[in-house]
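Participant: I'd like to ask you about the structure that follows.
The values are calculated or read from the model by the stated rules, or taken from the named source; none is laboratory data. Please read these numbers as outputs of a predicted model, since none were measured by experiment. Cβ atoms come from the backbone with ideal geometry, glycine included; neighbour counts cover every protein chain shown.
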Amino acid sequence: MLMHPSIDPVALQIGPLAIHWYGLTYLAAFGLFLLLARQRLKHQPYVDIRTPAPWSARDVEDLLFLGVLGVVVGGRLGYCLFYKPGYYLSHPLEILAVWQGGMSFHGGLLGVLVAQGWFAYSRQRPWLQVMDLIAPCVPTGLAAGRLGNFINGELWGRAAPADLPWAMVFPGSGSLQPRHPSQIYQFLLEGLLLFVLLWLLARKGPPVGRVSAAFLIGYGCLRFVAEVFRQPDDFIGALPLGLTMGQWLCAPMVLAGLALWWWSAHQAKAAQGR
């Protein structure tokens with residue numbers, strides 16, 4: 001079995017200024033989004049859009065800004081609501097203490113949906129067209145975040161057989177129990193694999209809503225699988241059917257994706273029949 005390398009979370013120290021690896025992964029995520037979203041503008045239907053105005057690099061920058069805002073606000077509120085509602089109802093001011101940690105992907109997703117809805121409304125663009133643009137650009141950011149989790153030695157996996165070649169001991173877990181490096185599983189599944197699948201689909205110029213539906217289904221299913229190997233949050237306790245909170249939150253995500261996929265197919269078929 002392997003030992004977690006216990007990487008110093010500070011990548012660079014200049015006097016009182018400390019640059020953390022986790023912060024660098026966020027910068028990498030933002031940079032990858034800008035690069036990929038600009039490439040998406042070369043795909044259909046964005047390359048042919050002329051009204052109300054052609055898409056531009058400035059639109060991509062605004063999408064990133066609103067997306068980050070949605071992730072931070074939605075992710076924090078989602079964590080407080082989904083994971084510790086009782087605690088934060090009793091300590092409402094601590095909801096603002098984001099420096100103490102505690103973010104939810106599913107809450108961040110809801111925040112992004114709202115933020116991009118505002119963008120679509122203000123720019124007079126179809127909301128699903130906006131979401132189809134950004135959906136393939138998100139998984140690389142998720143991959144960067146999971147690398148940050150691994151570097152910090154957090155969100156480790158469940159106990160693994162000692163003879164598993166990549167089983168790893170995480171000192172932060174408080175034991176020498178070999179565990180699944182679930183951060184790497186999520187990096188590979190929700191990050192790299194999902195990116196490749198969505199990018200290949202998006203390049204074909206599918207009907208509106210299809211790429212967004214694929215993201216919801218793909219992330220929901222892959223995260224559900226990854227949660228099998230990830231150590232559940234000890235403060236939540238047992239949930240129905242033995243599922244984790246992450247798995248329960250993925251279920252409506254997959255259902256929404258299936259419904260959107262059906263709607264997209266129905267709309268495309270109706271358009272062909274005209």
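Participant: Of all residues in the stretch 193-229 being of a type in the set (Lys, Arg) and at pLDDT below 95, which is farthest from Trp262 (Cα to Cα)?
Facilitator: Only one residue tops the list, namely Arg203.
Participant: Residues that are among the polar types (S, T, N, Q) and either in contact with a Cys (Cβ under 6 Å, 6 or more places away or on another chain) or farther than 24 Å from Phe170 by Cβ (or both): find the helices (runs of 4 or more DSSP H) completely inside the stretch 184-274 holding 2 or more of those.
Facilitator: 245-273
Participant: Among the residues of the stretch 29-46, are any surrounded by 12 or more Cβ atoms within 10 Å (Cβ to Cβ), assigned to a helix (DSSP H, G or I) and touching a strand residue (DSSP E or B) at 6+ places or on another chain (Cβ under 6 Å)?
Facilitator: no
Participant: Return the pair list, or none, for Cβ contacts closer than 9 Å from residues in the stretch 212-226 that are under 13 Å from Pro139 (Cβ atoms) to residues that are of a type in the set (Phe, Trp, Tyr) and at pLDDT below 95, at least 6 apart or on different chains.
Facilitator: Sorted first by the residue in the stretch 212-226, then by its partner, the pairs are Tyr219/Phe105; Arg223/Phe105.
Participant: Looking at the stretch 156-177, is at least one residue of a type outside the set (Gly, Ala, Ser), without any contact (Cβ under 8 Å) to a residue 60 or more places away in the chain and either in contact with a Gly (Cβ under 8 Å, 6 or more places away or on another chain) or within 22 Å of Gly78 (Cβ to Cβ) (or both)?
Facilitator: no
Participant: While we're on this one: Just a yes or no: is a residue in the stretch 141-156 of a type in the set (S, T, N, Q) and under 30 Å from Ser56 (Cα atoms)? Steps first, answer last, please.
Facilitator: First, the residues of the stretch 141-156 that are of a type in the set (S, T, N, Q): 149, 152.
Filter once more, so that each one left must be under 30 Å from Ser56 (Cα atoms): none.
Among the residues of the stretch 141-156, not one is of a type in the set (S, T, N, Q) and under 30 Å from Ser56 (Cα atoms), which makes the answer no.
Participant: Still on this structure: Among all residue pairs at least 6 apart or on different chains, which show Cβ distances below 6 Å where the first residue, located in the stretch 241-253, is more than 17 Å from Phe215 (Cβ to Cβ) and the second is β-branched (Val, Ile, Thr)?
Facilitator: Matching pairs, first to second residue: Met245/Ile236.
Participant: Which is over 28 Å from Val10 (Cβ atoms) and of a type in the set (D, E, K, R), of Arg146, Arg123, Arg179?
Facilitator: Arg123
Participant: Continuing with this model, one more query. What do you reckon, is Tyr79 under 15 Å from the mean Cα position of the chain (by Cα) and not aliphatic (A, V, I, L, M)?
Facilitator: Against the criterion (under 15 Å from the mean Cα position of the chain (by Cα) and not aliphatic (A, V, I, L, M)), Tyr79 qualifies.
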